[in-house]
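Here's the structure we're looking at; comments come further down.
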Amino acid sequence: MAHARAWAEETGSLCVPKSGHHEGFPLGVWLIQQRRKAGQRRLSPATLHALDTIDPWWNPPWPYHWHRTYHQAREHHHTGQPNPPALQQWADIQRTRWDILHPQQQHLLTTIGIQPG
């Protein structure tokens, strides 16, 4: 759990790629295992609470690929960098599919300046 806390403090989330390591610990693989356990309702309440406290979106109800792409867009937004074409295309798709997104996805998008189209 210490690695998860440290990663989140450094990056602002637990959106860790599968290959992600923190101080040699395979954090990405570990989080995948925790998500799998949570989906099977086998994750201990203490672990679930700790991860939810670190990052409420560590195990989002939407596809994880969407969540990772959102974090890429968030990083570009926060640093003022323009989105590369693939990321801009993703943002445009979110605008056109706004009505089918989870309300929390909509909220996350508005925090980075993406509004319904």
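Can you give the direction-averaged projected area of the convex hull of the alpha-carbon atoms in the chain, in nm²? Can you show the working numbers first?
Working: hull surface 31.0 nm².
Taking the Cα atoms of the chain, their convex hull projects to 7.8 nm² on average.
Would you mind calculating the relative contact order of segment 2-54 from Cα pairs under 8 angstrom and at least 6 residues apart, reporting the percent as a whole number?
Working: 37 pairs, mean separation 16.8, N = 53.
Result for segment 2-54 is 32 percent.
Placing unit charges on C-beta atoms (Lys and Arg positive, Asp and Glu negative, everything else neutral), compute the dipole magnitude of the chain about its Cα centre in debye, rounded to 20.
On the way: 11 positive and 8 negative charges, 101 e Å.
Dipole magnitude for the chain comes out near 480 debye.
Would you calculate, for the chain, the mean residue ellipticity at 222 nm contributed by helices, counting each DSSP H stretch of 4 or more residues as -39,500 (n - 2.57) and dividing by all residues, to the nearest 500?
On the way: 6 runs with 69 residues, N = 117.
Result for the chain, helices only: -18000 deg cm²/dmol.
Against the longest principal axis of the chain, how steep is helix 2-11, in degrees 0 to 90 to the nearest 10, with axes from Cα atoms?
Helix 2-11 sits at roughly 20 degrees to that axis.
Mind grabbing the base-10 log of I(q)/I(0) for segment 2-54 at q = 0.12, 0.14, 0.25 Å⁻¹? Debye formula, identical points on the C-alpha positions, no solvent, two decimal places.
-0.24, -0.33, -1.01
Only the coordinates and a few stated rules stand behind these numbers; no lab work does. In this text the structure is predicted, and so the values were computed from the model without any measurement. A quick note on method: Cβ atoms are made from the backbone with ideal geometry, for glycine too, and the neighbour counts reach across all protein chains shown.
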